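Trainee: Could you have a look at this structure, given as structure tokens, before my questions?
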Amino acid sequence: MKKAQAILEGKRAAAVVMTALFLLMLAFNFMTPYIADDYSYMVSFYDKKPIENIIDAAKSLYAHAFHMNGRLVSHGLEMIFLLLPKAVFNICNSAAFVFVIYLIYRISLCGKGRNIALFAAAAMAVWCFTPAFGETALWQIGSLNYIWAAGAALVFLLPYICVYMGRGQRFKSTAFRVVFVILSFFIGMYSEISSFTAIFMAVILLSASLLSRKIKPRTWLWLPIVSGALGFICMLLMPAELSAKVSGSLTLETLMESFVSVTEKYEDYLLTPALMWAALLAASIYKRVCFERLFLSGLFVVGSLTGNYMMIISSYYPERCMCTPTIYLITAALILVPALVSDKRESEGTEGQRSSCGQVAFICAGILTVTFLFEFVYGSYDIYHTYTSYTAREAVIEEYLEAGETDVKLQIIHPATKYSAFYGITDLTKTTDTWTNNYFALYYGFNTVTGY
């Protein structure tokens, strides 16, 4: 038992698991081509010409703020990556995914110890419970807008979590503080849900730290919050932002209908992790786990719910927008696990209480593992299957190009699960003159493209 625990807490096991996850995600990224919006962001919103350099991208991004939305950071990154070979994004996105899982893992440990099994649990939970996984973690523009946004939110929260948990001494460097304040502005500009919830949760954490006298009122940590809030306001003030996101009529009746709708969506996709969190919370309270850990877990649930219910005023609620609420809920559940399974006295519970409550965590781990095994088989095959469909279509495109055809018909790719990046996205349409078909045709040099 002690040998197994030593392996799980060793640096070598951590390196092996993280490398394996990176390579797996890298394979999935290489099996995910450009899709839909990716083609449209190759063309400038400024003059409708192909973007060929960074100046063209800057002009397009300026026009983007007037015609699309205010998420200039993520869409600016999209335009930059599109100027580079797809392999560059594949590597960066795989690393970003591992980094997000690592952040969940470190936050869940609350700075105490090391256990790579918790990292594996975080990865399995994100795979199993993230709605539209392919859209948010594999599709190029979707990844930049959603899984990267969730990672940015966790990065912003990390110093506040460390301070609240009594580990703020590592942030004394002046250089770090200056860089973090500047970075916070761009994190605030990154995404509506992720940015707002991160700033909101940081305010609560900082207030709790002040009330518990862990820091003095005149702390530098107010500056990143102000910087992030300014970035968020800048994003909202972009001309296209409110018109693109807010529903036209915000009457009491429509708000109530929307409240029910987003509640149903949360239940449909996140009921299982919510039930796991509730079971872990009950066990943690029974075991008398320290208040700080319970508070932090509860705060992430509040953040998850806040991100979900922000969509009440939205004109639509695509599944990919649930990425950050899902990441928060998973983090909330995993925060409770270390104290339940540890033999060390992080609580006031008796030995019998610690033993029985630990069983709850192991039961949840068993359910998660079995669920993951099924979902991984279905999901990985679907990613591969849609990739083979894409390569077959590429072969047909090559034949059309060699024959000099300009008006072509191509097969529409239909995914079977949420794990393919084609899931929930309009690939091609059966009608010729649509934006997806037009941008696809422009990329390949055809006159018209029709899907069948």
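Every number here is computed from the coordinates shown, using simple stated rules; none is lab data. Since the model is a prediction, treat every value here as computed from it, not as a measurement. Cβ atoms come from the backbone with ideal geometry, glycine included; neighbour counts cover every protein chain shown.
Trainee: If you average the alpha carbon positions of the stretch 46-123 and of the stretch 179-229, how far apart do those two centres end up, in angstrom?
Mentor: 21 Å
Trainee: I'm spelling it out carefully: the read-out is Rg and Dmax of the Cα atoms in Å, the candidates are [x] 36.6, 134; [y] 36.0, 130; [z] 23.2, 78, and one was derived from this structure. Which label?
Mentor: Read-out from the structure maps to [z].
Trainee: Suppose only helical runs count, i.e. DSSP H with n ≥ 4. What mean residue ellipticity at 222 nm does that imply for the chain under -39500 (n - 2.57) per run, divided by all residues and rounded to the nearest 500 deg cm²/dmol?
Mentor: Computed mean residue ellipticity for the chain: -23500 deg cm²/dmol.
Trainee: For the stretch 365-452, which trypsin sites (Lys or Arg not before Pro) pass both filters: DSSP loop (anything but H, G, I, E, B) and at most 14 other C-beta atoms within 10 Å?
Mentor: Sites meeting the loop and neighbour criteria: Lys430.
Trainee: Pairs of Cα atoms under 8 Å, at least six residues apart: use those to get the relative contact order of the stretch 32-82, whole percent.
Mentor: Reported as a whole number, the value is 34 percent.
Trainee: Say each of Ile80 and Leu271 gets a label point 7 Å from the Cα, pointing the same way as Cα to Cβ; how far apart are those two points in nm?
Mentor: Here the modelled spin labels are 4.3 nm apart.
Trainee: For the stretch 265-339, which chymotrypsin sites (Phe, Trp or Tyr not before Pro) are in a loop by DSSP, counting at most 13 other Cβ atoms within 10 Å?
Mentor: Tyr316
Trainee: Can you list which of the trypsin sites (Lys or Arg not before Pro) found in the stretch 99-206 are DSSP loop residues with at most 13 other C-beta atoms within 10 Å?
Mentor: Answer by residue number: Lys172.
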